[in-house]
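> Below: one structure in structure tokens.
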Amino acid sequence: MPSLNPNCEECGLHATATTVCMRGDGPQTPEDVQVFVVGEAPGANEDKRGVPFVGESGKILRSELHKNKLIEKTYITNLVKCRPPNNRTPTAAEIKACRPYLEEEIARLKPGYVITAGVPATKTLFRGKAKITQFHGEIIENPKVSYVGMPIFHPAYTLRDPSKLP
């Protein structure tokens, strides 16, 4: 398990979160992880249950992974580990505070494929070079990292615009 800190106070999100420094969900060894999904931040349902992607957007994501026979091989986590108030977009400072946790998860699990769900995760992992509207569903290879990336629209976005569903 990653050494996430349930007493983390690196940013102010801990003060309003029910689950501080939420762990990812899925296989816990490199041998068992094929796909690594990174979302933006926990929502209300996730914060309450302590598990990423369990609300309505999580149902969409997990359904797609299941349809493609990937659910058992997928680790699901978030860029920011605590819920931002009112589900707002995480700030640059909050992303920076949580970045070491995400990097540790990737280094420990050594995924072959990383799917970034939404703009913040895509910009963070692909250094702001990947535009989600341009690269949604496309493979991005980067010789500087050990995985192949694929940005997708965040499932919450597809709830608002079903035409963006796969």
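> Which length gain, in nm to one decimal place, applies between Glu138 and Glu72 when the Cα-Cα distance is subtracted from 0.36 nm times their residue separation?
21.5 nm
> Stretch Asn7-Leu159 to full length: gain in nm at 0.36 nm per residue minus the Cα-Cα span?
51.4 nm
> List Lys48, Lys144 from most exposed to least, where exposure is judged by having the fewest other Cβ atoms within 10 Å.
Lys144, Lys48
> What list do you get for Ser57, Ser163 if you sort them by fewest beta carbons within 10 Å?
Ser163, Ser57
> Distance from a point 7 Å along Cα→Cβ of Gln34 to each backbone N in region 93-123: keep the residues under 15 Å and list them by number.
111-115
> Could you list Met22, Met150 so that the one with the fewest beta carbons within 10 Å of its beta carbon is first and the one with the most is last?
Ascending number of Cβ neighbours within 10 Å: Met150, Met22.
> What fraction of the DSSP beta bridges in the chain is antiparallel, stated in percent and rounded to the nearest 5?
Here the share of antiparallel DSSP bridges comes out near 20 percent.
> Once Kirkwood radius over Cα pairs in Å is worked out from the coordinates, which option in [x] 17.7; [y] 16.4; [z] 15.7 does it equal?
[z]
Read-outs: derived from the displayed coordinates by stated rules, not from any lab. Quick caveat, the model's predicted, so the values are computed rather than measured. As a convention, Cβ positions derive from the backbone with ideal geometry for all residues, glycine included, and neighbour counts pool all protein chains shown.
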